[in-house]
Amino acid sequence: AVEFSKHALQRLERRRLSVDPTTMERLAGGVDRAAGKGSRDAVVLVDDTAFVVSVKNRTVITAVGREQMKDHVFTNIDSAVIA
């Protein structure tokens, strides 16, 4: 299972991003694929939402919607997965 940090939950709420069961399944699959490649920190893209994930801890650190992605720079990641 994938968990959400307190910070990530706040970001989801503030940015009005919803995570339905299908999104969770795709997110978990993306984390599994990143883990299989030895990733430590990844951006997992699910439709219009980017989730920054600590792969080792299976924890979403933050989430960014399409509107916020325009000027967003993802740092301290070693992989990106389109899920």
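Below are the figures for this structure:
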{"read-out": "Partner lysines for residue 37 [C-alpha distance under 19 Å; skip if fewer than 8 residues away on the same chain]", "value": "56"}
{"read-out": "Amide H contacts under 5 Å for residue 80, placed H, 5+ residues apart", "value": "43"}
{"read-out": "Integer Hz, Karplus 6.51/-1.76/1.60 couplings in order for segment 5-18, x for Gly and Pro", "value": "5, 4, 4, 5, 4, 5, 5, 4, 5, 5, 8, 6, 9, 10"}
{"read-out": "Carbon and sulfur %, accessible surface of the chain computed with the full protein complex present, 1.4 Å", "value": "48 percent"}
{"read-out": "Neighbour net charge for residue 16 - beta-carbon separation under 15 angstrom, K R +1, D E -1", "value": "-1"}
{"read-out": "Trypsin sites (Lys or Arg not before Pro) within segment 19-83: DSSP coil, no more than 12 neighbouring Cβ in 10 Å", "value": "37, 56, 70"}
{"read-out": "Size of charge dipole - the chain - debye, nearest 20, with Cβ of Lys, Arg +1 and Asp, Glu -1, no other charges", "value": "180 debye"}
{"read-out": "Selected from 18, 39, 54 as most flexible by GNM, with the chain as the system and alpha-carbon contacts under 10 Å", "value": "18"}
{"read-out": "Solvent-accessible ranking of 4, 51, largest area first, probe 1.4 Å", "value": "4, 51"}
{"read-out": "Share, in percent, of DSSP beta bridges within segment 19-83 that are antiparallel, nearest 5", "value": "75 percent"}
{"read-out": "FRET efficiency, 1/(1 + (r/R0)^6) with R0 22 Å, evaluated for residue 37 and residue 16 via beta carbons", "value": "0.10"}
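The values are calculated or read from the model by the stated rules, or taken from the named source; none is laboratory data. Worth saying up front: this structure is predicted, and the values here are computed from it rather than measured. Counting neighbours? That spans all protein chains shown, and the Cβs are built from the backbone with ideal geometry, glycine included. The protein model used for the area step is the full one, side chains on, heavy atoms only, and it has no ligands, DNA or RNA in it. Shrake-Rupley method; radii C 1.70, N 1.55, O 1.52, S 1.80 Å.
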